[in-house]
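Input: a single structure, listed below in structure tokens.
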Amino acid sequence: MADNCIFCKIAHKEIPANLVYEDDQVVAFKDLEPQAPVHVLVIPKKHVESLLALQPEDKELTAHILCEVVPQLARELGVAADGFRGVANTGEAGGQSVKHLHFHILGGRSMQWPPG
């Protein structure tokens with residue numbers, strides 16, 4: 001756990017969040033500033049700064065998030081059938097505002113690209 005990481009504090013229940021999912025490796029919660037009707041963040045409980053900080057030993061964690069948790073949540077949140085956007089911003093220029101790996105699930109409206 002990183003000392004001043006807000007997502008670590010959420011993952012370890014030091015500060016409250018509107019959790020929609022939790023298991024031994026990850027938590028998922030509603031974004032405080034949603035950009036779509038459905039906007040959930042999926043974070044590992046282990047502190048990993050970004051996609052660039054992932055190590056070979058994180059393969060199982062990453063597969064768990066992308067192959068199990070995100071699809072399950074998309075179905076449970078009602079966005080799987082019509083489609084959703086899955087995003088992991090990386091670095092300041094990539095829009096990463098919290099230096100803890102997190103995956104956004106956005107849906108419930110058209111997610112056309114480029115935004116318009």
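The values are calculated or read from the model by the stated rules, or taken from the named source; none is laboratory data. Everything quoted here is computed from the prediction, not taken from an experiment. Note that we place each Cβ from the backbone using ideal geometry, even for glycine, and neighbour counts take in every protein chain shown. With ligands, DNA and RNA removed, areas are computed over all heavy atoms of the protein, side chains included. Shrake-Rupley method; radii C 1.70, N 1.55, O 1.52, S 1.80 Å.
Annotations
- Cut-off 13 Å between beta-carbons: net charge of the residues surrounding residue 68, Lys and Arg +1, Asp and Glu -1: -3
- Taking 20 Å as the straight-line reach from the Cα of residue 9, the lysines in range (excluding those fewer than 8 positions away in the same chain) are 30, 45, 46, 99.
- Taking other residues whose beta carbon is less than 14 angstrom from the beta carbon of residue 29, and scoring Lys, Arg as +1 and Asp, Glu as -1, yields -2.
- Taking all protein chains into account, the per residue accessible area for the stretch 1-83 stands at 60 Å² (1.4 Å probe).
- Taking amide H as placed 1.01 Å from N in the peptide plane, residue 27 has its amide H under 5 Å from the amide H of 43, 45, each at least 5 places away in sequence or on another chain.
- Amide hydrogen neighbours beyond the local backbone of residue 101, cut-off 5 Å, H modeled: 48, 49, 50
- Stretching residue 25 away from residue 6 to a fully extended chain increases their span by 5.2 nm, per 0.36 nm per residue minus the current alpha-carbon distance.
- For the chain, 67 have no disulfide-compatible partner, since no other Cys C-beta lies under 4.7 Å from theirs.
- In the chain, the calculated helix contribution to ellipticity at 222 nm averages -3500 deg cm²/dmol per residue, counting -39,500 (n - 2.57) for every DSSP H run with n ≥ 4.
- Percent accessible area from carbon and sulfur atoms, the chain, protein chains only, probe 1.4 Å: 52
- Taken one residue at a time, the phi angles of the stretch 37-43 give Karplus couplings (6.51, -1.76, 1.60, θ = phi - 60°) of x, 10, 8, 10, 10, 10, 10 Hz. Gly and Pro are set to x.
- Ranked packing of 57-67, 21-31, most packed first, by mean Cβ within 10 Å: 21-31, 57-67
- FRET E, pair residue 57, residue 87, Förster distance 22 Å, beta-carbon r, rounded to 0.05: 0.35
- Taking a sphere under 13 Å around the Cβ of residue 13 and counting the other residues whose Cβ falls inside, with K and R at +1 and D and E at -1, yields a net charge of 0.
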